[in-house]
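The values are calculated or read from the model by the stated rules, or taken from the named source; none is laboratory data. Remember, predicted model here, so these are calculated numbers, not experimental data. Every residue, glycine as well, gets a Cβ built from its backbone with ideal geometry; the counts of neighbours run over all protein chains shown. We work out accessible area using only protein heavy atoms, side chains counted, and drop any ligands, DNA or RNA first. Shrake-Rupley method; radii C 1.70, N 1.55, O 1.52, S 1.80 Å.
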Amino acid sequence: MESYTTIRGRAGASITEKKSEFIAVAAFADSEQAALDFLASVRAAHRTASHNVYAYLLREGARTRYSDDGEPAKTAGLPVLEVLSHSGLTDVIVVVTRYFGGTLLGTGGLVRAYTAAAQAALAAAERVTVVPCVDLTLTLPYPLYEQGLRLAQQAGAKVAGTEFAAGVTLRLTLRAGTEGALLESLAALCRGDLQAAAGKAYYAPF
């Protein structure tokens, strides 16, 4: 499991070229179905638009897809995909909606306009690094709580919750692969009086 960079939520931008408006929206999509659902929502919101061009790039299977949606071949969807491919991002879809302004742009003009719109949408997006994470739940005796918490923080763990009962239960999130060393340190601290359980690794911003 390796870390990767994507965007949080969605972001948009628009440009105008010779009275044609190009409205670009970028969104996080971690599956083909999520990408297609987002595309459908944009199409529904812009039913009267001349074109709804799109491209997406998914981490799973390095899946890519694009559509010119009626624009001349390779003047719309492919330029958007190229912007995505050079962005360092994955699990992202970009949809560029065009409202025709009455003036033909030519193939070069279309390529420039769709490229610029896609770049503007990605520039407006919040980038996040997604890493393999693991959740760890552990219970410490009260006298060792502060020391245990300090060890967890030194290991880079984030505290998701704390419960005070017979002992102190910490719910931690940390990078996958670092939990073993932390558990060893905590076990040594508690001299065997440690209750701990780790979940399965998963991807999340960290």
Which shape class, rounded, prolate or oblate, goes with region 18-72 when its Cα gyration tensor gives a ≥ b ≥ c as root eigenvalues, a/c under 1.5 marks rounded, and past that a/b bigger than b/c marks prolate?
prolate
For region 6-35, list residues with backbone N below 18 Å from a point placed 7 Å from the Cα of Tyr99 toward its Cβ?
12-26
For Thr103, the net charge from surrounding residues (Cβ-Cβ under 10 Å; K, R +1; D, E -1) works out to +1
If you fit an axis through the alpha-carbon atoms of helix 106-124 and take the longest principal axis of the Cα set of the chain, what angle between them do you get, 0 to 90°, nearest 10?
20
For helix 145-154, what angle does its Cα long axis make with the longest principal axis of the chain, in degrees from 0 to 90 and rounded to 10?
40
Whether region 47-205 is rounded, prolate or oblate, judged on the alpha carbon gyration tensor where a/c under 1.5 counts as rounded:
prolate
Which whole-angstrom value gives the distance between the alpha carbon centres of region 138-206 and region 74-125?
46
For region 128-198, rounded, prolate or oblate, judged on the Cα gyration tensor with a ≥ b ≥ c (square roots of eigenvalues), a/c < 1.5 rounded, else prolate if a/b > b/c?
prolate
For Asp30 and Thr169, FRET efficiency with R0 = 30 Å and r from the beta-carbon atoms, rounded to 0.05?
0.45
Helix 32-45: inclination vs the chain longest Cα principal axis, degrees, rounded to 10, gives 50
Could you look at region 1-150 and say what percent of its accessible area is carbon and sulfur, using a 1.4 Å probe and all protein chains?
49
Could you give the accessible area per residue of region 52-186, probe 1.4 Å, as a whole number in Å²?
46
Length gained, Arg112-Phe206, 0.36 nm per residue minus C-alpha separation, equals 30.3 nm
